[in-house]
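In what follows, a single structure is set out as structure tokens and then discussed.
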Amino acid sequence: MFYDTLYRHNQALSPAGLESVPNALHALNAAVDDCRRAGKSIAVDASILLLVRNLADVAERTAPSISELRLQCRLDRSAVEASPALLDIAGNSVGGDYPAKRTFHYQARRALARLAEVIGLDPDDAFINTAMGRDDDDGTSELRHVDLSIRVVPRSFLPDSEITFNRCRNGEPAGQVHRAPIAELLDTAAFQRRLTATIGDIGAPRLAAAA
């Protein structure tokens, strides 16, 4: 059912009270919702475009210069990279929280790639992927190599066991499954020591040499 209202038109024509970024942004988001309920395109709706311009004007008046904003954005990005969110997400069910699920597995794949590089796995022989699963599934990220398999999940039924790994032979499981805490996904030196203590050289001299 589509129906239109006057709210977004009134605010676009008389933007009193929309002089701050939070208020201007709230009005724009509410207008987008109104537009969708009316079955109209937000790309051409006059009230939407007016409220977008109002938001831009407010930001221009109240925000620092573009160069300062870009510098701060870079600093914020570096801070996020230095403290990966997967450690905060781990231990929680993310099946119904797609942003958390996507973030966890994206960061898990990056960490697995870094781990493979440090260990010395040939990138042509190491495959990393994620099975996101359904809405009620937390998903699994995995590094698969002819000699090794490492799986990462956001939450495990056992404490400190978000990582499971085992020896493989020609890419197929061929040994006992071992467990490790999620923090070791980011601590490559600790994970190398655990590999050496549990699996050994995995049939590839470079793994033993890297440990």
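Considering only region 89-102, state which residues are surrounded by fewer than 21 Cβ atoms within 10 Å (Cβ to Cβ), within 22 Å of Phe157 (Cβ to Cβ) and modelled with pLDDT of 90 or more.
Within region 89-102, Ala100 is the sole residue that qualifies.
Quick one: would you say Thr5 is over 31 Å from the mean Cα position of the chain (by Cα) and hydroxyl-bearing (Ser, Thr, Tyr)?
In short, yes.
State all residues of region 104-140 that are open to solvent by less than 60 Å² (accessible area, probe 1.4 Å), hydroxyl-bearing (Ser, Thr, Tyr) and over 18 Å from Phe191 (Cβ atoms); if no residue qualifies, say none.
Residue satisfying the conditions is Thr130 alone.
From the set of residues in region 141-177 that are open to solvent by 30 Å² or more (accessible area, probe 1.4 Å) and assigned to a strand (DSSP E or B), which is farthest from Gln107 (Cα to Cα)? So that I can check it myself, show each step before the final result.
The initial filter retains those residues of region 141-177 that are open to solvent by 30 Å² or more (accessible area, probe 1.4 Å), namely 142, 144, 146-147, 151, 153, 155-160, 167, 169-170, 172-177.
Still in the list and also assigned to a strand (DSSP E or B): 142, 144, 151, 167, 169, 172-173.
Values: Glu142: 12, Arg144: 17, Arg151: 13, Arg167: 24, Arg169: 27, Glu172: 25, Pro173: 25 Å.
By that ranking, first place goes to Arg169.
The values are calculated or read from the model by the stated rules, or taken from the named source; none is laboratory data. Note that the structure is a prediction, hence the values are computed from the model and not measured. Here the Cβ is made from the backbone with ideal geometry for all residues, glycine too, and neighbour counts use every protein chain on show. Quick note on the areas: whole protein, heavy atoms, side chains included, nothing else; ligands and nucleic acids left out. Shrake-Rupley method; radii C 1.70, N 1.55, O 1.52, S 1.80 Å.
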